[in-house]
1. Could you give the length gained on full extension between A:T70 and A:E30, defined as 0.36 nm per residue of separation minus the Cα-Cα distance, in nm?
2. Starting from the Cα-Cα distance between B:E15 and B:R110, subtract it from 0.36 nm times their residue separation and give me the gain in nm to one decimal.
3. Just to verify a number: FRET efficiency for B:N41 and A:T20, C-beta to C-beta distance, R0 = 22 Å, to 0.05?
4. In whole Hz, with x marking every Gly and Pro, tabulate ³J(HN,Hα) for the stretch A:22-30 from phi via Karplus 6.51 cos²θ - 1.76 cosθ + 1.60, θ = phi - 60°.
5. Using a 10 Å cut-off around each Cβ of peptide B:44-56, what is the average number of partner chain Cβ atoms that fall inside?
6. Taking the Cβ-Cβ separation of A:I54 and A:L113 as r and a Förster radius of 35 Å, what is the calculated FRET efficiency to the nearest 0.05?
7. Just want the ordering: A:C91, A:C23, from fewest to most Cβ atoms lying within 10 Å of their own Cβ.
8. Specify the residue with the greatest mean-square fluctuation among A:T86, A:T70, A:T20, computed from a Gaussian network of chain A linking alpha-carbon atoms under 10 Å apart.
Amino acid sequence: NAGVTQTPKFQVLKTGQSMTLQCAQDMNHEYMSWYRQDPGMGLRLIHYSVGAGITDQGEVPNGYNVSRSTTEDFPLRLLSAAPSQTSVYFCASSRRQGPNEQFFGPGTRLTVL
Amino acid sequence: AQSVAQPEDQVNVAEGNPLTVKCTYSVSGNPYLFWYVQYPNRGLQFLLKYITGDNLVKGSYGFEAEFNKSQTSFHLKKPSALVSDSALYFCAVRAGLRGNTPLVFGKGTRLSVIA
């Protein structure tokens, strides 16, 4: 199993550009989520999904969109990048919610100029 | 609402000494509690979790954590620290017995083990 994969690993955008961060998992996990990690802020939840076709907002959803058309994939879209979105983004997945630990991808480091 | 507090931004310990990384939580009902570790330029790795039962939970790499319901704490411990334990540690909580509540993370504690 590849686990949770994320592409790209690094990305530089200009303010106003849009892009999609890709996330895929091959563990047949129902639950997937996106976090951003900023110094001194820990991990903050952006969006999450409990299954194909179902998504919900987390703590910091503004400026981001998600969709979940398949169990395996959970892309994160930046609609119009802003410098405040400079961060490291992590995707995670787990079996149904509850006591199951989440598996994290390696992250995408995004810089918005 | 769920929340996690890690009161120390940084913990320094000498190699061979015991280490403790503190975590307190707030959640409605019974908690599911987790510890993760992050090495530089890597994703988070699961260390251990508490669901129910024995208050002392053992996990990977010799780490353990003690659940204390009265103090709402879940401190991470290791009897003898290694330099290779130096990393960023995150505590996380989810409300148990509820449907789709996301995992909430603390802000992290940087552990530095000095040789």
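1. Gain in length upon complete extension: 13.4 nm.
2. Residue separation times 0.36 nm, minus the Cα-Cα distance, leaves 32.7 nm.
3. Efficiency computed from Cβ-Cβ geometry: 0.45.
4. Values, residue by residue: 9, 9, 9, 9, 10, 9, 6, 7, 6 Hz.
5. Mean number of neighbouring Cβ atoms from other chains: 2.
6. Rounded to the nearest 0.05, the efficiency is 0.50.
7. Ascending Cβ contact count within 10 Å gives the list A:C23, A:C91.
8. A:T70
No lab work stands behind these numbers, since they all come straight from the coordinates. Treat the numbers as computed from the prediction; the structure is a model and nothing was measured. Using ideal geometry, Cβ is built from the backbone for each residue, glycine included, and neighbour counts are taken over all protein chains shown.
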